[in-house]
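The values are calculated or read from the model by the stated rules, or taken from the named source; none is laboratory data. From a predicted model like this one, the values you see are computed outputs, not experimental measurements. Cβ sites come from the backbone with ideal geometry, for glycine too, and all protein chains shown count toward neighbours.
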Amino acid sequence: MAYFLQQLINGITLGAIYGLIAIGYTMVYGIIGMINFAHGEIYMIGAFISVICFTALGLLGITWVPLALLIVLVIAMVFTAVYGWTVERIAYRPLRGSSRLAPLISAIGMSIFLQNDVQLLQGARIKPLQPVIEGGFILTEMDGFAVHLGYIQIFIVFLTVVLMALFSVFIARTDIGRAQRACEQDRTMAGLLGVNVDRTISLAFVMGAALAAVAGTMVVLYYGVVHFYIGFLAGIKAFTAAVLGGIGSLPGAMLGGLLIGLIEVFWSAYFTIEYKDVAAYSILVLVLIFRPTGLLGKPEVEKV
Amino acid sequence: MLKVSGLRAAYGPVEALQGVDVDVDAGEIVALIGANGAGKSTLLMTICGAPRARSGRIEFDGRDITRLPTFEIVRLGIAQVPEGRRVFPHMTVLENLQIGATPAEDSYFDDDLDRVFAMFPILEERRHQSGGTLSGGEQQVLAIARALMSRPRLLLLDEPSLGLAPLVMKRIFEIIKEINESQEVTIFLVEQNAYHALRLADRGYVMANGRIVLKGTGAELLADEGVRKAYLEGG
Ligand SMILES: Nc1ncnc2c1ncn2[C@@H]1O[C@H](COP(=O)(O)OP(=O)(O)O)[C@@H](O)[C@H]1O
Ligand SMILES: [Mg+2]
């Protein structure tokens with residue numbers, strides 16, 4: 001029971017991180033019907049920017065944790081958002097209206113480019129970070145097994161819940177959110193009603209990237225290391241999460257992220273760690289067989 | 001007000017408009033009729049920049065709008081009720097109207113909302129219902145109301161009566177006349193239902209195979225032997 005509880009805590013923490021990345025996939029897919037394969041790299045860049053910022057703040061002597069966290073989060077979100085915006089401008093917008101294959105290839109190219117870019121600038125070795133949020137407490141102790149809850153885990157889950165709630169309200173209530181949903185449902189019609197469609201699409205990339213940046217900061221704080229290759233794996237997991245939850249659905253991305261995190265952690269804990277990724281994909285395949293639109297996906301709107 | 005000259009547009013290799021000339025003056029109701037596939041919808045969409053014109057010129061109030069992006073054209077005062085209505089199915093009636101108000105100043109919103117609710121009480125009743133659950137007639141009314149929320153000076157209507165029961169259809173034509181008379185909105189109307197459209201319109205154009213083949217006042221076209229044969233009898 002204690003062991004189970006521990007895995008639950010770890011799984012929710014990991015799931016929060018996947019969920020934040022998955023939102024970027026689902027928003028971009030919802031609006032332009034395309035998987036942004038460079039999104040995992042965007043998250044990786046967010047993680048690198050965080051490490052660099054934390055190190056720089058340490059050198060500047062800013063060590064009060066809440067302030068340092070806030071500064072790093074803001075800087076990572078802003079810079080990563082600029083990356084997200086640029087990727088759309090360079091790799092996708094010029095190809096809009098062409099075949100479906102062209103932007104796909106362009107996306108993969110962009111992803112490789114960003115990976116190599118970071119590898120060249122930052123080196124191929126693993127980059128470590130001094131722990132920033134240390135400690136935690138023992139939740140309970142059962143059968144000689146202590147259930148540990150780290151402050152970092154509380155921080156990750158709390159921040160994720162707050163961001164997701166704010167973001168959901170933003171999409172549901174504001175003009176920008178409404179324009180996002182209108183473009184999702186019928187881009188041409190949104191344009192005919194005066195919505196600046198290109199800008200709305202850019203904003204989807206920007207918002208997705210900013211949330212991925214937060215995930216990047218969290219992962220750096222959680223694991224204390226970053227590597228130019230992390231974007232690929234996390235990207236695929238988060239993409240799987242988005243599809244599992246129902247691609248295009250915001251609550252679906254959050255739920256999918258949580259499930260993928262839990263599956264991965266529980267599988268490693270109770271079966272073998274080697275097959276944890278296979279487990280996640282098997283669940284995905286099963287869900288798609290019985291619910292092709294994913295858990296919370298809406299059936300495709302019939303376009304007139 | 002609207003002046004289209006030598007307009008050509010295409011979807012890939014399909015030339016849908018092959019040199020179209022159309023004029024619409026302020027305050028008029030102008031009807032455009034023609035068989036399926038003639039290019040009527042394409043003309044309305046090209047006026048709004050989607051698809052973009054291959055060649056030719058579109059002027060609105062003397063200003064060349066041929067190369068402007070769609071959202072800027074719309075912000076100049078042109079609204080469209082497109083073929084098939086295209087109501088946002090997963091948004092409420094109110095949200096559909098809010099999106100429609102995008103080009104208008106925010107300060108007008110409350111008054112404009114009252115105005116369309118007064119015109120179409122059914123929309124007020126259904127304001128929190130999602131667009132996809134409305135009946136065909138209700139969706140048509142919503143699409144018109146949504147277009148009016150932008151405070152257009154020129155309203156482009158594409159087959160507003162399509163698929164509606166005769167009574168609802170009659171009501172839609174009345175509404176179009178009301179909008180034109182009391183709100184001083186100029187109307188360019190595409191219709192399959194040539195008889196109703198030409199009776200309503202000041203002037204009309206007949207289109208075939210991407211070209212204008214005939215034009216005249218509503219009464220002239222109604223009396224024209226060719227028009228009667230092609231679009232009125234048995235149609
Ligand atoms: N989205 C599209 N893609 C390709 N061809 C189209 C498209 N829309 C219309 N067409 C073609 O353009 C021509 C004109 O169509 P349209 O403007 O819809 O005619 P109408 O509204 O008069 O029925 C037709 O031959 C039609 O097949
Ligand atoms: Mg048509």
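The table below lists the values:
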{"quantity": "Residue satisfying all of: in the stretch B:72-85; closer than 15 Å to B:Met149 by Cβ and either more than 9 Å from chain A (Cβ to nearest Cβ) or touching a Lys or Arg at 6+ places or on another chain (Cβ under 9 Å) (or both); surrounded by the most Cβ atoms within 10 Å (Cβ to Cβ) among these", "calculated": "B:Ile78"}
{"quantity": "Residue list for the stretch A:81-111, restricted to those being within 18 Å of the chain's Cα centre (by Cα) and among the hydrophobic types (A, V, I, L, M, F, W, C)", "calculated": "A:Ala81, A:Val82, A:Trp85, A:Val87, A:Ala107, A:Ile108, A:Met110"}
{"quantity": "Qualifying positions in the stretch B:10-30 - more than 12 Å from ligand 2 (Cβ to nearest atom) and more than 16 Å from the chain's Cα centre (by Cα)", "calculated": "B:Ala10, B:Tyr11, B:Gly12, B:Pro13, B:Val14, B:Glu15, B:Leu17, B:Gln18, B:Gly19, B:Val20, B:Asp21"}
{"quantity": "The stretch B:45-71, subset part of a helix (DSSP H, G or I) and more than 8 Å from ligand 1 (Cβ to nearest atom), residue farthest from the other protein chains (Cβ to nearest Cβ)", "calculated": "B:Thr46"}
{"quantity": "Helices (runs of 4 or more DSSP H) enclosed by the stretch A:178-278 - at least 1 residues per element that are more than 16 Å from the chain's Cα centre (by Cα) and within 14 Å of another protein chain (Cβ to nearest Cβ)", "calculated": "A:187-192, A:197-223"}
{"quantity": "Qualifying strands (runs of 3 or more DSSP E) (wholly inside the stretch B:185-235; at least 3 residues being within 12 Å of ligand 1 (Cβ to nearest atom))", "calculated": "B:203-208"}
{"quantity": "Whichever residue in the stretch B:7-60 is among the acidic types (Asp, Glu) and modelled with pLDDT of 95 or more and, among such residues, is nearest to B:Asn209 (Cα to Cα)", "calculated": "B:Asp21"}
{"quantity": "Criterion violated by A:Ile171 - all others in (1) under 17 Å from A:Gly19 (Cβ atoms); (2) away from chain B (no Cβ under 14 Å) satisfied", "calculated": "(2)"}
{"quantity": "Any pair with Cβ under 7 angstrom, 6 or more apart, that starts in the stretch B:31-42 at a residue that is more than 18 Å from B:Asp21 (Cβ to Cβ) and more than 8 Å from ligand 2 (Cβ to nearest atom) and ends at one that is part of a strand (DSSP E or B) and not charged (D, E, K, R)", "calculated": "B:Ala35/B:Ala208"}
{"quantity": "Every residue from the stretch B:138-158 that is within 11 Å of B:Gly77 (Cα to Cα) and away from every other protein chain (no Cβ under 11 Å)", "calculated": "B:Leu148, B:Arg153, B:Leu154, B:Leu155"}
{"quantity": "Residues within the stretch A:98-145 that are of a type in the set (Gly, Ala, Ser) and on the phi < 0 side of the Ramachandran plot, tallied", "calculated": "8"}
